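S.K.: Before we start, here is the structure in question, set down as structure tokens.
Derivation of every value follows stated rules applied to the coordinates shown; laboratory data play no part. All of these numbers come straight from a predicted model, not from anything done at the bench. Every residue, glycine among them, receives a Cβ derived from its backbone with ideal geometry; neighbour counts consider all protein chains shown.
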Amino acid sequence: MKPEAGAPGSLPDRALGAYLGLALGDALGATVEFMTAREIALRFADQGGVHRHIVGGGWLNLPPGQVTDDTTMSLALGRALLEGRRLGRMGDVRLVAEAFVAWWKGRPVDCGNTCRRGIQRFIRNGALSTPPNEGDGGNGALMRNLPVALATLDDDAAFRRISLAQAHFTHNHPHSDAATLGLGRLLRAQLAGADAQDMARRVAQLVKAHPAFRFDPYPGRASAYVVDTVQTVLWAFTRHAGFEAAVVAAANRGEDADTTAALVGMLAGARCGAAALPRHWLRRLAPEVAREVTQQARALVAPFV
Ligand code: MG
Ligand code: MG
């Protein structure tokens, strides 16, 4: 597909770049999810030891260009936000909960354990949030928060409130909260056109406020534990100025590769804009995904254009 999103560097271009970037990273990384970096290097030995093409497969045996829960949960959340805005109650977590239930009932290709627990609990007893839990340190709330960042561009208090509300539907852990807000604010700065120096300063501030996210020297783990995820995302995003290089670097760390690559794709896509995304990857992205991502990106930022 050909992105149609206004002038390069404009807000619509950056917002679409972020959302398509998330989907592209998901589609690339899914092929090597749960593999180790060493297994990936061996498996792609005939391609220089690097996985860099959207080919599907992986443990979910996906068709090329198909995405996983990272993108489809984001789309479910985006639908809830747009409906809430229409009804004058954007961020109402009941709408978010209902959107996640509809997503779950649509038989998604995968769903993390903590997400499934939160959705099943809501179906059982209507609970809209989960109490703080040591076991909720996964990256499931972080991975799907992009639409909240787009929908609240003019209002940081609303960004914080809605991010935490949607997060706590399934995950309630201080590292998850810090990651969801921290990466969301980096995304918002990048959407506003922050330059590399400004972004580096903001990344340093995030690490100073949350030393667990320190990624230099890179500890080398890319699991679904949100601390590992954030370290890998910040490492790949800051080390590579180009979109493709940054996303490939994250995916090739393996482990939760679809999620780390999706989040790098989100930040790097906001940095370069939709017009600069790699055409050979966009051509591979499932058309129905590209369509809804494009429609949502445009609608979510429409009030700010
Ligand atoms: Mg996934
Ligand atoms: Mg994943």
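S.K.: Could you work out how much longer the chain between R85 and V50 gets when fully extended? Use 0.36 nm per residue separation minus the Cα distance between them, nm to one decimal.
M.R.: Taking 0.36 nm per residue and subtracting the Cα distance, the gain is 8.3 nm.
S.K.: Here is a further query. To the nearest 0.05, what FRET efficiency results for K208 and D155 with a Förster distance of 35 Å applied to their C-beta separation?
M.R.: E between K208 and D155, to the nearest 0.05, is 0.90.
S.K.: Still on this model: Once Rh is set to the Kirkwood radius over Cα pairs, what Stokes-Einstein translational diffusion coefficient, in µm²/s, holds for the chain at a temperature of 25 °C and a viscosity of 0.890 mPa s?
M.R.: Diffusion coefficient, whole number: 131 µm²/s.
S.K.: R291 to E98: FRET efficiency via 1/(1 + (r/R0)^6), r the Cβ-Cβ distance, R0 30 Å, to the nearest 0.05?
M.R.: Taking R0 as 30 Å, the efficiency between R291 and E98 is 0.85.
S.K.: Also, quick follow-up: Which one, E255, E292, E33, has the greatest fluctuation when you compute a Gaussian network model over the chain with C-alpha springs under 10 angstrom?
M.R.: E292
S.K.: Which longest run of the chain has no exposed loop site in it, a site being chymotrypsin sites (Phe, Trp or Tyr not before Pro) in a DSSP loop with at most 16 other beta carbons within 10 Å, and the site itself not part of the run?
M.R.: For chymotrypsin sites (Phe, Trp or Tyr not before Pro) (loop position, at most 16 other Cβ atoms within 10 Å), the longest site-free span of the chain is 60-305.
S.K.: If I take R0 = 30 Å and measure r between the Cβ atoms of W59 and A200 in this structure, what FRET efficiency does the formula 1/(1 + (r/R0)^6) give, to the nearest 0.05? Present the calculation step by step, with values, prior to reporting the outcome.
M.R.: Values: r = 35 Å, r/R0 = 1.18.
For W59 and A200, the calculated efficiency is 0.25.
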